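Bear in mind these aren't lab numbers, they're just calculated from the coordinates by the rules spelled out. The model shown is predicted, which means the values in this text are computed figures rather than measured ones. Here the Cβ positions follow ideal geometry from the backbone for every residue, glycine too, while neighbour counts run over all protein chains shown.
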Amino acid sequence: MRYRVLRPPYCYRWAVLLSALVVAVTATVSMFHSAEGAPSPAPVAAAQAMAEAPAAAPEPAGLVRHTARTGKFVALTFDDGPDPVYTPQILDALSRAGAVATFCMIGANVTRHPELVRAVLAHGMRLCDHTVSHDEDLDKRTEQRVTAEIAGCWSDLQVAADADVPVSYFRAPGGSWSDVMREVTAREGMKPLSWSVDSRDWTLPGTAQIVTTVQQTVQPGAVVLLHDGGGKRAQTVEALGVLLPWLVAQGYQFDVPG
Ligand SMILES: [Zn+2]
């Protein structure tokens, strides 16, 4: 009889305790979920702004995504080369338009094709460090590894050029930056280079789409992301054949990132 009297309240207490536990766990889990989602207020826009491999985290402030000069200037940048097929074609197109551009090179490709580094320099173009191996998880690596990738590419460029050449910029693979990467970039005397216009040529959307994307998003001071390496770039080369004369006709002049 006593049990019958005592039992219900104990059961009730346990039920209350368990319910409280469930509520607490649920609240904690949902808190974590919103914390993950919170940093990116517009995930779609952020993914479109990021280029090569859309990164989850927003880009930090202070990255270079504007031309050096103000006015109707545009800075074209070419990533992931040098490439023996496409880099020379792009250099020809740029020369015909009297355009300067910045080439963000991968050390491994630089070592394979040092003559292309010299060709890029001979055409009056600028060099940008894009790491030795294009590790897109470099933002998760240690300072030692980050230094090896960034300083290593810088050295590869010097050796390939067979001269002391200025390398003014570093661009993160996939646009994914860490504080360590920014510290090493500054220590190595380079500017952290981003972009303001993603041509999305890396998605191979077709020549016409690359042209349209740039035409619709370019504005004075834009830094445009394009690729001369890392895959088949015939669409990029063809798009340039349209875009370069179009930019000139629009009154744009070519500049380096500032
Ligand atoms: Zn890249």
Extension gain, residue 204 back to residue 246 (0.36 nm per residue minus Cα-Cα distance, nm): 13.0 nm
Using modelled amide H (1.01 Å from N, peptide plane; none on Pro or chain starts), what sits under 5 Å from the amide H of residue 170, excluding residues fewer than 5 places away? 129, 191, 193
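Taking the Cα centre of region 83-182 as origin, work out the dipole magnitude from +1 charges on Lys and Arg Cβ and -1 charges on Asp and Glu Cβ, in debye rounded to 20.
Values: 9 positive and 14 negative charges, 44 e Å.
Its charge dipole is roughly 220 debye.
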Separation of the residue 143 and residue 61 label points, Cα + 7 Å toward Cβ, nm: 2.4
7 Å from Cα along Cα→Cβ at both residue 253 and residue 212: what's the point-to-point distance in nm? 3.3
